[in-house]
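Take a look at the structure set out below.
The values are calculated or read from the model by the stated rules, or taken from the named source; none is laboratory data. Only a predicted model underlies this, so the values are computations on that prediction, with no experimental measurement involved. Here the Cβ positions follow ideal geometry from the backbone for every residue, glycine too, while neighbour counts run over all protein chains shown. Only protein heavy atoms, including side chains, enter the accessible area calculation; ligands, DNA and RNA are left aside. Shrake-Rupley method; radii C 1.70, N 1.55, O 1.52, S 1.80 Å.
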Amino acid sequence: QPQMFPGVAHFHTVRVAQPMGMWYSTEFLRNLMDIWELRGSGLTNMHGATGDIVLLGTSTPQLEEIFWELTHNMGVDLGGSGSNLRTPASCMGMSRCEYACYDTQELCYNLTLEYQDELHRPAFPYKFKFKFDGCPNGCVAAIARSDLGFLGTLKGPIKINQEVVAAYVGGEIAPNAGAHAGRDWGKFDIQKEVVDLCPSKCLSYEGGKLIMDHKECVRCMHCINTMPQALKIGDERGVSIFCGAKAPILDGPQMGSLLVPFIEVNKDDDYQGIKDIIEGVWDWWMEEGK
């Protein structure tokens, strides 16, 4: 009903590249909203399912004005759309989270700048998305929501502080960082709530100590999430790379397949090892992709 809602009669949608980790200043948000109240519908999606800031609905004469305001006055780029590289997205990583196995924001920013042309000049057979999760908790759903997903992981053993484990068992520290403290769930039961829920059965609780068979650990993060002060991620850290997640309507959602089990994230060589993998995938996909 364009006569009732003239601001969205043409309904152009504008994607804006979000800052890495989706950190905002209030000034940035106010400036963005001022532009959109003036030149668009005022409706936003913070954020789209793949990460972008999505500004919903404007008219054709406003498009160049919006592009100019965003890029020249706010210093923010447009997001990717169409058959090209979609805007890469990362979790907050080391800026906020002690579980991060690599600097998600730095890698995401580096690759965004490296492949900026692929964001805006459609050349691919179909859209292509990077996402960067700092650890297996997967806060931006890299395994499920990206064509090439980067998942922080660890090789070495998880560190266990037995004294703090005892404090959890004794009720001195609330499990799950107090996240479920709104109800009385009863006394913390480490056997029931941690050991029995380990998917690879690598944990046991014997003689007041939590024992882990590190070779069997699949790094699901459940034990760390439940007792974050007692268990910490190991020191040998890197990323696993997953390829090809998609959500086809008839077949249903499909997780990415493990392409690279472990690679170190090396900022010193400008992430060249990771870029070689990306470009190798693209070389094949540009020829064979449907």
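Given the structure, is ASP52 crowded, with 20+ Cβ neighbours inside 10 Å, not assigned by the TED database to the domain that holds LYS246 and not small (Gly, Ala, Ser)?
On the way: crowded, with 20+ Cβ neighbours inside 10 Å: yes; not assigned by the TED database to the domain that holds LYS246: yes; not small (Gly, Ala, Ser): yes.
The answer is yes for ASP52.
Any idea how many residues of region 196-217 are closer than 19 Å to ALA167 by Cα, without any contact (Cβ under 8 Å) to a residue 12 or more places away in the chain and open to solvent by less than 90 Å² (accessible area, probe 1.4 Å)?
We begin by selecting, within region 196-217, every residue closer than 19 Å to ALA167 by Cα; these are 203-212.
Add one more test, that the residue is without any contact (Cβ under 8 Å) to a residue 12 or more places away in the chain, and what stays is 204, 206-207, 211.
Okay, now just the ones that are also open to solvent by less than 90 Å² (accessible area, probe 1.4 Å), so 204, 207, 211.
Going through region 196-217 one residue at a time, the tally reaches 3.
For SER204, indicate whether it is of a type in the set (Ser, Thr, Tyr), closer than 28 Å to ALA144 by Cβ, more than 24 Å from the chain's Cα centre (by Cα) and not assigned by the TED database to the domain that holds ILE143.
Details: of a type in the set (Ser, Thr, Tyr): yes; closer than 28 Å to ALA144 by Cβ: no; more than 24 Å from the chain's Cα centre (by Cα): yes; not assigned by the TED database to the domain that holds ILE143: yes.
Against the criterion (of a type in the set (Ser, Thr, Tyr), closer than 28 Å to ALA144 by Cβ, more than 24 Å from the chain's Cα centre (by Cα) and not assigned by the TED database to the domain that holds ILE143), SER204 does not qualify.
State whether the residues of region 187-201 include one that is modelled with pLDDT under 95 and of a type outside the set (Phe, Trp, Tyr).
So the first thing to find is which residues in region 187-201 are modelled with pLDDT under 95, and the list is 187-188.
Now restrict to residues that are of a type outside the set (Phe, Trp, Tyr): 187.
The answer is yes, given that some residue of region 187-201 is modelled with pLDDT under 95 and of a type outside the set (Phe, Trp, Tyr).
How about region 218-259: which of its residues are among the charged types (D, E, K, R), under 17 Å from LYS155 (Cα atoms) and surrounded by 13 or more Cβ atoms within 10 Å (Cβ to Cβ)? Quick ask: steps written out before the conclusion?
Initially, region 218-259 is screened for residues among the charged types (D, E, K, R), giving 219, 232, 235-237, 246, 251.
Keeping just the survivors that are under 17 Å from LYS155 (Cα atoms) gives 219, 232, 235-237.
Within region 218-259, ARG219, LYS232, GLU236, ARG237 qualify.
Pairs please, first residue from region 28-45 and within 13 Å of GLU69 (Cβ to Cβ), second anywhere and of a type outside the set (Phe, Trp, Tyr) and open to solvent by 60 Å² or more (accessible area, probe 1.4 Å), Cβ atoms under 7 Å, 6+ apart in sequence or on different chains.
Close Cβ pairs satisfying both conditions: ARG39/GLU65.
Could you count how many residues in region 125-145 are surrounded by 19 or more Cβ atoms within 10 Å (Cβ to Cβ) and either farther than 18 Å from MET255 by Cβ or among the small types (Gly, Ala, Ser) (or both)?
Residues meeting the conditions: 2.
Got a number for residues in region 94-119 being open to solvent by less than 10 Å² (accessible area, probe 1.4 Å) and aliphatic (A, V, I, L, M)?
4
Scan region 94-141 residue by residue and report those that are within 18 Å of HIS47 (Cβ to Cβ) and touching an Asp or Glu at 6+ places or on another chain (Cβ under 6 Å).
Here is the first cut: in region 94-141, the ones within 18 Å of HIS47 (Cβ to Cβ) are 95-96, 104-105, 108-109, 112, 119, 127, 129-134, 138-141.
Across region 94-141, the qualifying residues are LYS129, VAL140.
Hey, can you tell me all the residues within region 229-257 that are in a loop (DSSP other than H, G, I, E, B), farther than 13 Å from CYS135 by Cβ and over 16 Å from the mean Cα position of the chain (by Cα)?
Of all residues in region 229-257, those in a loop (DSSP other than H, G, I, E, B) come to 229-230, 233-236, 244-245, 247-253, 255-256.
Applying the additional criterion that residues be farther than 13 Å from CYS135 by Cβ yields 229-230, 235-236, 244-245, 247-253, 255-256.
Passing the criteria: GLN229, ALA230, ASP235, GLU236, ALA247, PRO248, ILE249, LEU250, ASP251, GLY252, PRO253.
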